[in-house]
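Following: one structure in structure tokens, then a few remarks.
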Amino acid sequence: MSRAAPTGAWSRDRRSPGRSIALHLTLIAASIVSVFPVAWLVLTSLKPRTVIETASVAPIDHPTLANYTQVLGETRFLTWAANSVIVSLITAVLGVLLAATTGYAVSRFRFPGFRSVMWMLLITQMFPVAILIVPIYNLMAGLGLINQFPSLVIAYLTSTVPFCAWMMKGYFDTVPVTIDEAGRVDGLTPFGTFWRLILPLAKPGLAVAAFYSFLTAWAEVAYAKAFMTGDDKYTLAVGLDQFVGQHKAEWGLLTASSVLIAIPAAVVFLLVQRHLVTGLTAGATKA
Amino acid sequence: MRRVLTSAAVAAALALAVTACGSSSGGAGSAPAKSAVPAEVSGTVTWWDTSDATTEGPVFQEIIKGFESTYPKIKVNYVNVPFADARDKFKTAAQSGSGAPDVLRTDVGWVAEFASLGYLAPLDGTPALDKPEEFLPVPAASGKFNGKTYGVPQVTDTLGLLYNKELLKKAGYDEPPATMADLKKVALDVKSKTGAGGIALNVDAYFLLPFIYGEGGDFVDVQNKKITISSPQSVAGVKIVEDLITSGAAVKPALQDSYTNAETAFKDGKVAMIFNGPWSNADNLGGKVFKDNPDNFGVAPVPAGSVKAGSPLGGHDYTVYAGSQNLDASYLFVQYMASAESQAKIAGKLGLLPTRLPAYSAPEATANPKIAQWAKPMETAVERPWIPEAASLFQPLVEGYQKLAGGQTTTEPMLKDVATAYQGILKGWSL
Amino acid sequence: MTADVVATRRAAPRSGARRLLSRHWYAWAMTAPVVIVTLVLVGYPLVRGVYLSLTDATEATMGRTIGMNVIPSTYEFVGLQNYADIITSSEFLGRLAWTVVWTVACVALHVGIGLGLALLLNRPMRLRSFYRVLLVLPWAVPAFVSAFIWRYLLNGEFGVVNAMLRAAGFAGVAWLDDPFWAKVSVIACNVWLGVPFMMLAMLGGLQAIPRELYEAAEVDGATPWQRFRHITLPGLRPVSSTVVLLGTIWTFNQFPVIYLLTKGGPGGATEILVTYAYRQAFEGIRNYSGSAAWGMVILALLVVLAAVYRRALKQQGEAW
């Protein structure tokens, strides 16, 4: 939606109709592959349980909203959704703030410890989460944070902030340094420059960082399963597991709630998507 | 039915040399012993229930209401924890000393492991272990470790042979197969005469056990600290499975979602027989070929091998977390939940098999036809090795079974690999 | 780099630490929250992991007191034994080889398909933003939901993929049951998940390449391939160098897709190092020392990879 006039180059010359058709066909094929699994999930969620658990593969079969009414009415889905929203939003806001300051520092300043910080941001992303769960659980237990949202937010920040800081560095690299200098000439502190001049210019980058942080928190399972010990504190990803019993799965409830989980993520995506491309440029332009 | 159960219990009791239980009286379960002290106990009991949240959970919550009105000073915090997550979640919480529940519904296969790690409170001599002589001995043994009792049996189950009566009749059989040899014959006849498949296999180590037990094999011999998964008996058992697959008596098993695929084939009438437990009753009776014709659904004990008919004992125990701040309240909670009365209620409403003998004859329980239906298969229940490492023994065998079912290996080398893996798990055990 | 202007700004020479502090305090202050939190949450497990990996600690031998049960610590220092066990185990090389195949295949397909789609989308046409929304959809679906959808689609008996194959007159494929196809399936699922991110990153990179370069090349009579080879690819390097490195790290450690789609099966065929390490850590009596050693091995492999990669970039003039 964003750029009506693409900056992308040689394509201003007219395409032949044949090439145009080929282009659209390729994109349509790719779009089908991209959308089909999700579409099938939606279709399945509209089938009654008895149909889902047979070998029938008709796209539409006895359509019903029963799965949705059951998920929304008879389970604690709404509580879990609210929990997920709270955790994801806090993670996104804090993540963006922390990532932006760190990203700005490593973009603008060459300070002692700069390389260590860059390596730290990278290495943090290399840790297999499975190995971290027990030690972090024990830390949180020591802090008395088990079954509290802050434990999840902190755990999520360890995985979102390094990537977002890395990305924001790339983004700040594209903001001309002359702006910083102008700020300083006007008597602003480095913080003032960052807050009043640079951040407003970095909105697309912030949008991506927020989107990424929100989605990561929204979809995380492992920490949430370990840390949240009361079902009033479950997030959606954990609550969903309740529909899988020891010996059987409630496919109807699972598919319906999967759709309901994917919708907010998709909405957030639509809100920020106009910024995504510019935000992900990650240091591509030389100002 | 009562006779059947008593004989089963006695037989198992003899085998185990545990106090036999034949003497208990039939009437409605006796009320929990109430003294002045229990009524004064107060606190909050957090219970992690691992049962099916949508179907079973509500019944347990109903019983909790009864507990709370009997002991008004105790509050119960009911949390449904999905079965698949419960073990990891409990262990992570238990070792840290924070976040663990007071009472956990524990799979019979987990008790020894948790107990060996010091996570569980011994229950001998506490109110939690009320009238232990009433318990069926095989399920009761699952709660014991190193001579102490850590688990109070909640429900029990085992595998049986489920069959589609119409398909078997079409193939010329009025009765389900009673031996493994017959199983193959019936399956092949069903295949040739009805066009449906003979038997659907669930490629999971647990579901191999009836074949292995039938020939006198097992994973391990606990008493002699011996790994027996590659013994001639176990090999003979798994060979039956290999033969069922290669001969076409079994339909080609799916390896991923194996359970669901086998169940779907059975429910849709695409296959005549399956091994499964009482938990699948409701699921099966909702299927295409049983929904309007529940009489078509048959339950029988697993077929006997050359030695015996044997199927693994499953079920759940109540355990109390050693670090609980509310031990006294937790003991009373377990006592109430595991009482014959509560068990009869659960049996009646959910068809889950009680672990106390008197509960079987309670009118509430006998009202549910499932209880009688599964009485005979329960007679074949075999105690599993209750050792801390038990839960680790399944994965190597699942991988091996998958390779066998996928045709990438044969029984002997597969079981040999599994035995080698077991040597890494059970340090110091002989082959 | 523009930052050098600031970095090389002269400060009046003062003495030692004071000078450093007055000159860099805001940089340190800005990075401090992240550094401190990371050091606590990742540094502590790291140090503890290194220590545990040199012992034989397990859930059973680690001392603790739980209510009435007091368990003494009985684990011992065993040196590099755990590492020796891993490297000499029959599993290690096989798992490593498949992990490398999995990572290379996934990242190559992510980058290849992502770049291809980005090139297609980076030109004026009707419905452009509509296509973009559809193509990015997989990113908006949480990974555990996606893995769950794919398992349902690929089910051998009642999955819709096989149903379509059969309707078209082919035999069904044992997508998740055959070792080879299971590998294909997990890669396909992960590619589906990961392409949108790459596509958007590449699109951003493409849009940042100055248009004048293409115009000049056209004037010089360069073919489309030459323009792609000599303008597009070098122009993308700032973006691609980062996303390829991060993509490699993420794929190497991609736990949910494999665990949720095949659980590492059939017969361990799709088990990568992290899923294997996870099973080592959590199955049965938890092996704290062994899993710590596995974690260190995985971390070491990735650090070496990152170092080699950064060095290669540096030789081409990339900063830091």
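The values are calculated or read from the model by the stated rules, or taken from the named source; none is laboratory data. Since the structure is predicted, the reported quantities are computational estimates derived from the model, not experimental observations. Reconstructed Cβ throughout: ideal geometry from the backbone, glycine too, with neighbour counts over all protein chains shown.
What to note about this one:
- Verdict on residue C:275 being under 22 Å from residue B:421 (Cβ atoms), without any contact (Cβ under 8 Å) to a residue 24 or more places away in the chain and of a type in the set (Val, Ile, Thr): yes
- Condition check for residue B:63: surrounded by 21 or more Cβ atoms within 10 Å (Cβ to Cβ) and away from every other protein chain (no Cβ under 11 Å): no
- Of the residues making up segment A:191-216, just one is without any contact (Cβ under 8 Å) to a residue 12 or more places away in the chain and facing another protein chain (nearest Cβ under 9 Å), namely A:191.
- Those helices (runs of 4 or more DSSP H) lying entirely in segment B:115-194 with at least 1 residues modelled with pLDDT of 95 or more and surrounded by fewer than 21 Cβ atoms within 10 Å (Cβ to Cβ): B:165-170, B:180-194
- When restricted to residues that are at the interface with chain C (Cβ under 7 Å from one of its Cβ atoms) and in a helix (DSSP H, G or I), segment A:107-120 contains 6.
Here is a yes/no grid of residues against (1) more than 21 Å from residue B:87 (Cα to Cα); (2) part of a helix (DSSP H, G or I); (3) in contact (Cβ under 8 Å) with a residue 12 or more places away in the chain; (4) touching a Phe, Trp or Tyr at 6+ places or on another chain (Cβ under 8 Å):
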{"residue": "B:393", "(1), (2), (3), (4)": "no, yes, yes, yes"}
{"residue": "B:398", "(1), (2), (3), (4)": "no, yes, yes, no"}
{"residue": "B:401", "(1), (2), (3), (4)": "yes, yes, yes, no"}
{"residue": "B:420", "(1), (2), (3), (4)": "yes, yes, no, no"}
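- Restricted to helices (runs of 4 or more DSSP H) entirely inside segment C:1-77, those with at least 2 residues that are at pLDDT 85 or above are C:16-38, C:44-53.
For (1) part of a helix (DSSP H, G or I); (2) over 29 Å from the mean Cα position of the chain (by Cα); (3) at the interface with another protein chain (Cβ under 8 Å from one of its Cβ atoms); (4) over 25 Å from residue C:135 (Cβ atoms), each residue gets a yes or a no:
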position: C:150; (1), (2), (3), (4): yes, no, yes, no
position: C:162; (1), (2), (3), (4): yes, yes, no, yes
position: C:169; (1), (2), (3), (4): no, yes, no, yes
position: C:172; (1), (2), (3), (4): no, yes, no, yes
position: C:176; (1), (2), (3), (4): no, no, yes, yes
position: C:184; (1), (2), (3), (4): yes, no, no, no
position: C:189; (1), (2), (3), (4): yes, no, no, no
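- Scan of segment C:236-260 for residues that are more than 14 Å from residue C:197 (Cα to Cα) and either among the hydrophobic types (A, V, I, L, M, F, W, C) or in contact with a Phe, Trp or Tyr (Cβ under 9 Å, 6 or more places away or on another chain) (or both), ordered by number: C:236, C:241, C:249, C:252, C:253, C:254, C:255, C:256, C:257, C:258, C:259, C:260
- Checking each residue in segment B:161-217 for being free of Cβ contacts under 8 Å to residues at least 60 places away in the same chain and within 23 Å of the chain's Cα centre (by Cα) picks out B:212, B:217.
- Any hit, segment C:296-316, residues being surrounded by fewer than 19 Cβ atoms within 10 Å (Cβ to Cβ) and not in a helix (DSSP H, G or I): yes
- Meets criteria (surrounded by fewer than 15 Cβ atoms within 10 Å (Cβ to Cβ), in contact with a strand residue (DSSP E or B) (Cβ under 6 Å, 6 or more places away or on another chain) and modelled with pLDDT of 90 or more) for residue B:44: yes
- Count - residues of segment C:209-227 that are assigned to a helix (DSSP H, G or I) and either in contact with a Phe, Trp or Tyr (Cβ under 9 Å, 6 or more places away or on another chain) or loosely packed, with under 14 Cβ neighbours inside 10 Å (or both): 12
- Tally of residues being at the interface with another protein chain (Cβ under 8 Å from one of its Cβ atoms) and without any contact (Cβ under 8 Å) to a residue 24 or more places away in the chain across segment C:105-125: 4
- Selection status of residue B:380, more than 30 Å from residue C:66 (Cβ to Cβ) and either acidic (Asp, Glu) or surrounded by 22 or more Cβ atoms within 10 Å (Cβ to Cβ) (or both): yes
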